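**Student:** Please find one structure pasted underneath; my questions will follow.
The values are calculated or read from the model by the stated rules, or taken from the named source; none is laboratory data. In this text, all values refer to a predicted model and were calculated from it rather than measured experimentally. In this analysis, Cβ positions are derived from the backbone assuming ideal geometry, glycine residues included, and neighbour counts consider all displayed protein chains.
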Amino acid sequence: MSFGSSPIRSPSQFPDSPLSRVLRQPLLMGLFLPIQDGGWTPSTLPRTTTWTFDYNAALTLQAEELGFDLVFGLAQWASKGGYGGATKYREISLDSFMVTAALAAATKRILLLSTLHVLYGPWHPVHLAKFGATLDHIAKGRWGINVVTGYAAREPAMFGMQKVEHDRRYEMADVFVTRLEQLWSMTENLTVDGPFWAMEDAFVTPKPRFGRPILVSAGGSPAGVAYGARYSDLMFITSPAGNQLEDAVASLPAHVAAIHAAAAQTGRQMRTIINPMVLCRDTEREAVAYRDAIEAAADEVAVENFAEHGRRGDAQSWRNQRRSHRAIGGNLHLVGNPQQIVDSFLRLKKAGVDGMQLTFYDFAVDLEHFGQKVLPLMYEAGLRIADDAVPSVPPAPALSG
Ligand SMILES: Cc1cc2nc3c(=O)[nH]c(=O)nc-3n(C[C@H](O)[C@H](O)[C@H](O)COP(=O)(O)O)c2cc1C
């Protein structure tokens with residue numbers, strides 16, 4: 001079901017947009033910022049990773065310096081104690097929207113994506129159309145929304161809301177984003193009396209530079225894919241068969257083909273990007289030892305609570321994540337030496353995936369190792385190409401926090 005339409009163009013249809021620039025890369029490279037305490041891994045093994053803004057800002061500049069294409073953070077609404085355990089896993093988190101907004105003026109080249117629960121609050125489309133137009137201008141076309149509808153069982157209650165049924169949420173998101181697109185593109189006032197959101201003489205300027213901000217979504221259900229096909233430039237996908245590479249590369253081609261087919265039916269193109277946890281060391285033996293040490297220090301209570309949170313939610317992707325996988329985090333586990341990591345990327349690309357949204361355990365340290373040891377091999381393998389048009393960026397400041 002689709003409500004109304006607008007003649008809006010995606011930034012990917014503007015050859016000089018920041019999105020078009022990064023889409024010229026053979027494999028998109030993103031960094032999933034750890035703006036929540038514990039990142040993706042409820043483990044007590046010592047690490048530098050912390051949720052603070054300074055740490056995440058430094059990581060973003062580090063990623064930009066390394067030539068990464070995008071960063072984004074997740075959005076969650078945890079009650080006191082987070083997911084519990086000794087670590088109070090994810091009790092503390094910064095807001096994804098605010099963090100990327102603050103990074104917009106501090107960065108020059110990297111794309112910034114904010115995860116937003118558009119149905120909580122409730123937000124009104126006029127709010128986000130105005131905020132988005134503002135950020136689009138601050139970031140010069142580098143900002144976008146990862147539209148999420150809220151799979152978690154308990155989050156809506158925090159806003160005094162009842163949980164809305166899975167497919168109905170995608171219908172509501174469809175209306176919400178249609179209104180955003182109308183407000184971003186229309187040169188006259190918009191008056192509608194529903195469904196869901198009414199507005200009279202609503203108007204938003206400045207208009208975004210490249211049609212609209214970047215739109216992203218995440219999910220694998222038929223309703224989620226159909227929504228993404230209508231609106232998203234990028235879709236964050238999960239491996240339908242869980243987080244072992246062999247299972248992922250076997251199951252991804254059909255999944256990705258279905259996503260591309262759905263987009264083609266709406267006359268659009270959509271890229272897919274997957275979220276691996278990369279545990280890389282100079283040798284495979286060291287990488288495996290690193291993984292084992294993280295697992296040995298798992299906060300078992302938090303692992304169990306987080307798994308239970310997943311079971312109680314209604315996300316159709318992530319269904320094949322077994323409990324033990326959540327001790328490490330990420331949607332796929334890539335453990336090995338630099339060449340093995342690059343070989344995994346090559347296999348995932350061959351399986352149809354267009355990009356990697358990386359998660360690490362010890363972010364600043366592991367990202368630096370990745371930049372020194374893995375990225376050069378990615379250039380050799382043709383997964384990355386030099387972008388001579390990229391303006392130079394200042395070196396990353398010292399990490400703190
Ligand atoms: C990489 C990735 C990141 C996600 N980030 C968030 C998030 O920050 N907040 C959230 O509520 N849901 C997040 N989700 C969940 C999705 O929004 C969606 O609810 C879930 O993937 C289920 O969609 P489906 O039922 O269409 O498969 C994320 C999903 C993926 C794959």
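**Student:** Condition (residue is hydroxyl-bearing (Ser, Thr, Tyr), modelled with pLDDT of 95 or more and under 30 Å from Ala258 (Cα atoms)) applied to segment 271-288: is it met by at least one residue?
**Tutor:** Yes.
**Student:** Further question on the same structure: Going through segment 228-247 one residue at a time, which ones are hydroxyl-bearing (Ser, Thr, Tyr) and under 18 Å from Trp184 (Cβ atoms)?
**Tutor:** Tyr231, Ser232
**Student:** From the list Ala293, Ala261, which residue is free of Cβ contacts under 8 Å to residues at least 24 places away in the same chain and of a type in the set (A, V, I, L, M, F, W, C)?
**Tutor:** Unique residue meeting the criteria: Ala261.
**Student:** Select from segment 127-146 the residues that are part of a helix (DSSP H, G or I) and among the aliphatic types (A, V, I, L, M) and list them in ascending order.
**Tutor:** Leu128, Ala129, Ala133, Leu135, Ile138, listed by residue number.
**Student:** Tally up the residues in segment 112-141 that are within 12 Å of the ligand (Cβ to nearest atom) and not hydrophobic (A, V, I, L, M, F, W, C), please.
**Tutor:** The qualifying residues number 4.
**Student:** Which residue, of Gly355, Gly329, is touching a Lys or Arg at 6+ places or on another chain (Cβ under 8 Å) and either touching a residue at least 12 places away in the same chain (Cβ under 8 Å) or surrounded by 17 or more Cβ atoms within 10 Å (Cβ to Cβ) (or both)?
**Tutor:** Testing whether each residue is touching a Lys or Arg at 6+ places or on another chain (Cβ under 8 Å) and either touching a residue at least 12 places away in the same chain (Cβ under 8 Å) or surrounded by 17 or more Cβ atoms within 10 Å (Cβ to Cβ) (or both) leaves just Gly355.
**Student:** Is it fair to say Gly85 is part of a helix (DSSP H, G or I), more than 16 Å from the ligand (Cβ to nearest atom) and buried (at least 19 other Cβ atoms within 10 Å of the Cβ)?
**Tutor:** no
**Student:** Same structure again: Being part of a strand (DSSP E or B) and under 18 Å from Ala327 (Cα atoms) is the filter here, so list the residues in segment 5-47 that pass it.
**Tutor:** Within segment 5-47, Phe32, Gln36, Ser43 meet the criteria.
**Student:** For segment 197-223, give me each residue that is out of contact with any Pro (no Cβ under 9 Å at 6 or more places or on another chain), in contact (Cβ under 8 Å) with a residue 12 or more places away in the chain and away from the ligand (no atom under 16 Å from the Cβ).
**Tutor:** If the condition is that a residue be out of contact with any Pro (no Cβ under 9 Å at 6 or more places or on another chain), in contact (Cβ under 8 Å) with a residue 12 or more places away in the chain and away from the ligand (no atom under 16 Å from the Cβ), then Asp201, Phe203, Val204, Thr205, Pro206, Lys207 are the ones that fit.
**Student:** Moving on to the next point. Would you check if there is a residue in segment 110-126 being in a helix (DSSP H, G or I), surrounded by fewer than 18 Cβ atoms within 10 Å (Cβ to Cβ) and modelled with pLDDT of 95 or more?
**Tutor:** yes
**Student:** Another question, then. Look through Ala241, Ala226, Ala250 and report the one residue that is within 10 Å of the ligand (Cβ to nearest atom) and either assigned to a loop (DSSP other than H, G, I, E, B) or surrounded by fewer than 24 Cβ atoms within 10 Å (Cβ to Cβ) (or both).
**Tutor:** Of the residues listed, the single one that is within 10 Å of the ligand (Cβ to nearest atom) and either assigned to a loop (DSSP other than H, G, I, E, B) or surrounded by fewer than 24 Cβ atoms within 10 Å (Cβ to Cβ) (or both) is Ala226.
**Student:** Would segment 177-185 turn up any residue that is on the phi < 0 side of the Ramachandran plot, buried (at least 20 other Cβ atoms within 10 Å of the Cβ) and of a type in the set (Phe, Trp, Tyr)?
**Tutor:** Yes: segment 177-185 contains one or more residues that are on the phi < 0 side of the Ramachandran plot, buried (at least 20 other Cβ atoms within 10 Å of the Cβ) and of a type in the set (Phe, Trp, Tyr).
**Student:** Still on this structure, I have one more. Return the residues of segment 99-109 that are closer than 30 Å to Ala298 by Cα and either surrounded by fewer than 17 Cβ atoms within 10 Å (Cβ to Cβ) or away from the ligand (no atom under 14 Å from the Cβ) (or both); say none if nothing qualifies.
**Tutor:** Across segment 99-109, there are no qualifying residues.
**Student:** Give me a count of the residues in segment 211-223 that are over 12 Å from the mean Cα position of the chain (by Cα), under 12 Å from Ala173 (Cα atoms) and surrounded by 24 or more Cβ atoms within 10 Å (Cβ to Cβ).
**Tutor:** Summing the residues that are over 12 Å from the mean Cα position of the chain (by Cα), under 12 Å from Ala173 (Cα atoms) and surrounded by 24 or more Cβ atoms within 10 Å (Cβ to Cβ) in segment 211-223 gives 0.
**Student:** Please verify whether Thr191 is in a strand (DSSP E or B) and free of Cβ contacts under 8 Å to residues at least 24 places away in the same chain, treating the condition exactly as stated.
**Tutor:** Yes, satisfied.
**Student:** I would also like to ask the following. If I filter segment 48-82 down to residues being assigned to a helix (DSSP H, G or I) and among the aliphatic types (A, V, I, L, M), which single residue comes out as surrounded by the fewest Cβ atoms within 10 Å (Cβ to Cβ)?
**Tutor:** Ala58
Yes or no, residue by residue, for (1) away from the ligand (no atom under 16 Å from the Cβ); (2) more than 20 Å from Ala297 (Cβ to Cβ):
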| position | (1), (2) |
| --- | --- |
| Arg9 | yes, yes |
| Gly30 | no, yes |
| Pro34 | no, no |
| Leu45 | yes, no |
| Ala57 | yes, yes |
| Thr60 | yes, yes |
| Ala63 | yes, yes |
| Gly73 | no, yes |
| Gln76 | no, yes |
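**Student:** Considering segment 147-183 alone, what residues qualify as being more than 20 Å from Ser96 (Cβ to Cβ) and in a loop (DSSP other than H, G, I, E, B)?
**Tutor:** Result: Ala153, Gly160, Gln162, Lys163, Val164, Glu165.
**Student:** If I go through segment 142-176 residue by residue, how many of them are among the β-branched types (Val, Ile, Thr) and either more than 9 Å from the ligand (Cβ to nearest atom) or surrounded by fewer than 20 Cβ atoms within 10 Å (Cβ to Cβ) (or both)?
**Tutor:** The qualifying residues number 3.
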